[in-house]
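The values are calculated or read from the model by the stated rules, or taken from the named source; none is laboratory data. Given the structure is predicted, the values throughout are model-derived calculations rather than measurements. Cβ placement follows ideal geometry from the backbone for every residue including glycine, while neighbour counts extend to all protein chains displayed.
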Amino acid sequence: MSDVLTQTVQGHVAQVELNRPDMHNAVNLELFEALAAAASSIATNRSVRAVVLCAAGDNFCSGIDTGMFGDSTAALTPSMFAPGEGSPANMFQGAAYAWRELPVPVICAIQGVAFGAGLQIALGADLRYAAPDARLSIMEIEWGLIPDMAITTTLRDVMPADAAKELAWSGRIVAAEEALRLGLLTGIQDDPLSAAMDKAGEIAARSPEAVRAIKQLFDSAWRMKDADALQLEARLQAGIIGSPNQLEAVMAKTERRAPEFKD
């Protein structure tokens with residue numbers, strides 16, 4: 001794994017950590033590529049049942065590395081803005097969208113700031129826990145840009161369009177309490193990383209087929225017509241019911257013991 005990102009797997013939980021603390025975990029080209037690579041490797045690892053996305057140091061991510069607006073801008077090529085292989089997202093969008101694409105739950109722990117690209121990466125997660133003093137912002141307007149890291153697919157499910165527009169137009173910084181009210185956060189925790197790890201462990205102890213199907217169900221059905229959503233529910237349930245892990249869940253519950261699920 002790249003020096004700018006670390007990845008470990010323990011007890012069916014993968015921990016992916018942004019690792020540029022001296023730069024407030026600002027995202028450069030190397031980190032963009034590393035985030036996509038990490039998600040890709042997790043997607044092929046059936047033993048992983050949940051992911052914790054976090055960052056080293058005092059801040060989750062301060063946004064784009066401003067060096068990308070200087071000399072390294074010349075390194076930006078048209079191919080970087082084209083969809084990647086097997087994904088509708090380009091390289092920049094993939095740093096956030098790849099977590100949404102993963103079949104397993106992704107839980108993000110936010111400390112310090114999550115500005116611009118940092119907030120968009122966090123929005124790719126299914127759940128977001130932040131420290132009480134965390135600050136968030138859709139800050140791209142400060143650079144004369146639009147937020148373009150898959151925010152059209154992630155933000156629409158957590159807040160109304162008018163609230164999203166106001167944040168994007170103003171670029172203002174939002175405190176954790178307001179972010180929670182707006183829907184940007186799932187919860188506020190004194191130790192967001194511990195909370196994220198605890199939740200990931202709790203989810204990883206559940207039947208993996210059911211956990212994956214729940215993510216697929218809600219990610220897909222939220223914008224479906226009623227008939228399509230009902231059919232999706234039925235199809236997913238039919239594929240799970242009677243499976244070895246589903247039967248193990250029933251037996252463990254009946255016998256009042258911890259289940260032993262198979263990957």
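A few points about this structure:
- Candidate set from the range 98-140 (those that are surrounded by fewer than 24 Cβ atoms within 10 Å (Cβ to Cβ) and among the basic types (Lys, Arg)); member that is nearest to Ala195 (Cα to Cα): Arg135
- Within the range 1-30, the set of residues being touching a Ser or Thr at 6+ places or on another chain (Cβ under 6 Å), among the polar types (S, T, N, Q) and in contact (Cβ under 8 Å) with a residue 40 or more places away in the chain comprises just one member, Gln15.
- Pairs where the first residue, in the range 239-263, is under 24 Å from Val13 (Cβ atoms) and the second is β-branched (Val, Ile, Thr), C-beta under 7 Å, 6+ apart: Gln246/Ile240
- Residues (in a loop (DSSP other than H, G, I, E, B), small (Gly, Ala, Ser) and surrounded by 17 or more Cβ atoms within 10 Å (Cβ to Cβ)) located in the range 5-51: Ala26
- Enumeration of residues in the range 146-161 that are in contact with a Leu (Cβ under 7 Å, 6 or more places away or on another chain) and under 13 Å from Gly124 (Cβ atoms): Ile151, Thr154, Leu155, Val158
- Total residues in the range 229-263, condition among the aliphatic types (A, V, I, L, M) and not in a helix (DSSP H, G or I): 2
- Among the residues listed as Leu193, Leu185, Leu167, Leu180, the single one being within 22 Å of Trp99 (Cβ to Cβ), assigned by TED's automatic domain parsing to the domain that holds Ile110, at pLDDT 95 or above and not in a helix (DSSP H, G or I): Leu185
- Scanning the range 236-263 for residues that are among the polar types (S, T, N, Q) and either under 27 Å from the mean Cα position of the chain (by Cα) or exposed (fewer than 13 other Cβ atoms within 10 Å of the Cβ) (or both) yields Gln237, Asn245, Gln246, Thr254.
- Residues of the range 215-235 satisfying the condition of being surrounded by 16 or more Cβ atoms within 10 Å (Cβ to Cβ) and at pLDDT 95 or above: Lys215, Leu217
- Of all residue pairs spaced 6 or more apart or on separate chains, those with beta-carbon atoms under 8 Å, a first member in the range 201-228 that is outside any helix (DSSP H, G or I) and a second member that is surrounded by fewer than 17 Cβ atoms within 10 Å (Cβ to Cβ) and among the charged types (D, E, K, R) are Ser207/Glu248; Trp222/Asp157.
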